[in-house]
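To start, the structure under review is shown below, and the notes come after it.
The values are calculated or read from the model by the stated rules, or taken from the named source; none is laboratory data. Just so it is clear, the model here is predicted, and its values are computed rather than measured. Glycine also receives a Cβ, built like all others from the backbone with ideal geometry; neighbour counts cover every protein chain displayed. Side chains included, ligands, DNA and RNA excluded: accessible areas come from the protein's heavy atoms. Shrake-Rupley method; radii C 1.70, N 1.55, O 1.52, S 1.80 Å.
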Amino acid sequence: MAERYAVVTGAGQGIGRAAAQALLAEGWTVVVLGRRPQPLEETIAGQAKGSAITCDVGDHVQVEDAFAEVKSRFGRLDLLFNNAGRGAPAVDFDELPLEDWRGVVAANLDGTFFCARAAYRIMKNQSPKGGRIINNGSISAHAPRPGAAAYTATKHAVTGLTKQIALDGRKHDITASQIDIGNAATPMTERMTKGVMQPDGSMMVEPRMDVAHVGRTVAHMASMPLDANIPFLTIMATKMPWLGRG
């Protein structure tokens, strides 16, 4: 197809911005979603094929409106990169405030589901049908960090959701995959440069990697034909303490 249309959520900074810019560099038409308009506009600055829609992915009404606008504007959707998410301050399990639990669930799990559902509906009913949904998992979809119950639980749930979309989407030529990212250099991981808690109780400065590597990897996953898929892919800073975590 001459034109390829993508939606990237949480695209105002970090991984979402890197992925959106990598897709734009590959010639995709990209709609960036996020809660704050100015960072979204900075992501697509100077890009004729970029446009922005302000949207809180944890609000299903806003999500439905955003994807209806995408459908109205372009007529189809070929890719969703479900990237938006948040964490919470590290606390002992019983000290996690309910508002933090609910906020992380709303962004990481509800938002992933709401956006995937809206994208799936477009992909299922368009002609030619089909498309690709890439979910942002995390190293925390495999192994937890201390004091991160909400983040860990939601990222494990995203893995199950990815598998379910991949299964249900087969008959509609919809593929689903997950990219699990470890220590990309973004505002969310800035704290790692000062030291973060390890499972043995020590504090350690953790290595990070250029977030552009993640953006290019998402673009590669997106470039594959729909009869091929990378169901799960891990990209991480080489020396981050994951393989020996715990």
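Any residue in the stretch 41-62 that is among the aliphatic types (A, V, I, L, M), under 28 Å from Asn229 (Cα atoms) and part of a helix (DSSP H, G or I)?
no
Give me the pairs: first residue in the stretch 225-242 and farther than 13 Å from Ile134 by Cα and part of a strand (DSSP E or B), second residue aromatic (Phe, Trp, Tyr) and open to solvent by less than 70 Å² (accessible area, probe 1.4 Å), beta-carbon distance under 7 Å, and six or more apart or on different chains, which are they?
Matching pairs, first to second residue: Met236/Trp242.
Quick check on my filter: what residues within the stretch 130-151 are open to solvent by 20 Å² or more (accessible area, probe 1.4 Å) and in a helix (DSSP H, G or I)?
Hits for the stretch 130-151 are Ala149, Tyr151.
Among the residues of the stretch 71-98, write down those that are assigned to a helix (DSSP H, G or I) and either within 22 Å of the chain's Cα centre (by Cα) or within 22 Å of Ile174 (Cβ to Cβ) (or both).
Lys71, Ser72, Arg73, Phe74
Here are Gly169, Gly215: which of them is open to solvent by less than 40 Å² (accessible area, probe 1.4 Å), under 20 Å from Leu77 (Cα atoms), touching a residue at least 60 places away in the same chain (Cβ under 8 Å) and not basic (Lys, Arg)?
Gly215
Just to be sure I understand the filter: pairs with C-beta atoms under 9 Å, separated by 6 or more residues or on different chains, first member in the stretch 44-68 and at positive phi and in contact (Cβ under 8 Å) with a residue 12 or more places away in the chain, second member in a loop (DSSP other than H, G, I, E, B) and open to solvent by less than 70 Å² (accessible area, probe 1.4 Å). Which pairs pass?
Listed by first residue and then by second, the contacts come to nothing, as the list is empty.
Being closer than 10 Å to Leu77 by Cβ, open to solvent by less than 20 Å² (accessible area, probe 1.4 Å) and not hydrophobic (A, V, I, L, M, F, W, C) is the filter here, so list the residues in the stretch 108-129 that pass it.
Gln126
Can you tell me how many residues within the stretch 82-127 are more than 30 Å from Pro146 (Cα to Cα) and free of Cβ contacts under 8 Å to residues at least 60 places away in the same chain?
Total meeting the criteria: 10.
Of the residues Thr159, Thr193, Thr186, which is of a type outside the set (A, V, I, L, M), under 16 Å from Ala237 (Cα atoms), open to solvent by 20 Å² or more (accessible area, probe 1.4 Å) and out of contact with any Cys (no Cβ under 7 Å at 6 or more places or on another chain)?
The match here is Thr193.
Does at least one position in the stretch 102-125 carry a residue that is at pLDDT 95 or above and not in a helix (DSSP H, G or I)?
Keep residues of the stretch 102-125 that are at pLDDT 95 or above, which gives 102-125.
With not in a helix (DSSP H, G or I) added as a condition, the list becomes none.
No, the stretch 102-125 contains no residue that is at pLDDT 95 or above and not in a helix (DSSP H, G or I).
Among the residues of the stretch 87-107 satisfying the criterion of being among the charged types (D, E, K, R) and open to solvent by 80 Å² or more (accessible area, probe 1.4 Å), which is nearest to Gln178 (Cα to Cα)? Let's see the steps before the verdict.
Quick first cut of the stretch 87-107, residues among the charged types (D, E, K, R) only: 92, 94-95, 99-100, 102.
Among the residues that remain, those that are also open to solvent by 80 Å² or more (accessible area, probe 1.4 Å) are: 92, 94-95, 99, 102.
On the way: Asp92: 28, Asp94: 30, Glu95: 30, Glu99: 27, Arg102: 23 Å.
The residue in question is Arg102.
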